[in-house]
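The values are calculated or read from the model by the stated rules, or taken from the named source; none is laboratory data. In this text, all values refer to a predicted model and were calculated from it rather than measured experimentally. Quick reminder, even Gly has a Cβ in these numbers, built from the backbone with ideal geometry, and neighbours come from all protein chains shown. Areas reflect the complete protein model, heavy atoms only, side chains present, ligands, DNA and RNA absent. Shrake-Rupley method; radii C 1.70, N 1.55, O 1.52, S 1.80 Å.
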Amino acid sequence: MGKPELADDPRFADRATRARNMAATDAVVEAWTSTLPRAEVFQVCQLHEVPCAPVQSLAAVLNDPHLLERGALARVAHEHYGEVTLPSTPLRFQDVDPPAVSLPRKAGADNESVYGDLLGLSADDVASLADAGAV
């Protein structure tokens, strides 16, 4: 960080003291990180074994080659929005393919099953509700 005087500052002597002086700690770190590109901050922190990770923008996450390659994200065609990126399950098991990523079903797609099978309404009852704009 280019601030050797911080080593002798009692506000930053140890983790507990830094925590009690969090506003000052944050101010020092922010003053340093705001002068450098994100990648350089990450590189310097990694070099000095500081646990950290860059905060990514949504666009960067949705286009992350590693997440796409590993299947954490999948690109799916949407009829109105074109290609969209959706999350996949993070769970992976040996010799088991993860479930396919798909768009959610449209609103009302399960009305017949819910109103008929679960609630016991007849097809005429459901049609009447639909005509009335209730479903």
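Name the residues in the range 1-27 that are within 20 Å of Val44 (Cα to Cα), open to solvent by less than 90 Å² (accessible area, probe 1.4 Å) and not in a helix (DSSP H, G or I), would you?
Gly2
Residue pairs, Cβ under 9 Å, 6 or more apart or interchain, first in the range 120-135 and closer than 19 Å to Ala107 by Cβ, second of a type in the set (Phe, Trp, Tyr). List them.
Correct list of pairs: Leu121/Tyr115; Val126/Tyr115; Leu129/Tyr115; Val135/Tyr115.
If you check Thr85 against the conditions, is it within 30 Å of Lys106 (Cβ to Cβ), surrounded by 14 or more Cβ atoms within 10 Å (Cβ to Cβ) and modelled with pLDDT of 95 or more? Let's see the steps before the verdict.
Values: within 30 Å of Lys106 (Cβ to Cβ): yes; surrounded by 14 or more Cβ atoms within 10 Å (Cβ to Cβ): yes; modelled with pLDDT of 95 or more: yes.
Judged against the criteria, Thr85 is a match.
For the subset of the range 28-38 comprising residues that are within 16 Å of Val55 (Cα to Cα) and either in contact with a Pro (Cβ under 8 Å, 6 or more places away or on another chain) or of a type in the set (Gly, Ala, Ser) (or both), which member is surrounded by the most Cβ atoms within 10 Å (Cβ to Cβ)?
Arg38
If you take the residues of the range 75-96 that are part of a loop (DSSP other than H, G, I, E, B) and among the hydroxyl-bearing types (Ser, Thr, Tyr), which of them is farthest from Asp64 (Cα to Cα)? Break it down into steps so the answer makes sense when it comes.
Applying the first criterion (part of a loop (DSSP other than H, G, I, E, B)) to the range 75-96 yields 79-81, 88-92, 94-95.
Still in the running and among the hydroxyl-bearing types (Ser, Thr, Tyr): 81, 88-89.
Numbers: Tyr81: 20, Ser88: 14, Thr89: 16 Å.
Ranking the qualifying residues of the range 75-96, first place goes to Tyr81.
Tell me which residues, restricted to the range 61-118, are over 30 Å from Ala130 (Cβ atoms) and among the small types (Gly, Ala, Ser).
Gly71, Ala72, Ala74, Gly82, Ser88, Ala100, listed by residue number.
If I filter the range 37-57 for residues that are among the hydroxyl-bearing types (Ser, Thr, Tyr) and in a loop (DSSP other than H, G, I, E, B), do I get at least one hit? Break it down into steps so the answer makes sense when it comes.
Just the residues of the range 37-57 that are among the hydroxyl-bearing types (Ser, Thr, Tyr), to begin with: 57.
Then drop every residue that is not in a loop (DSSP other than H, G, I, E, B), which leaves 57.
Yes.
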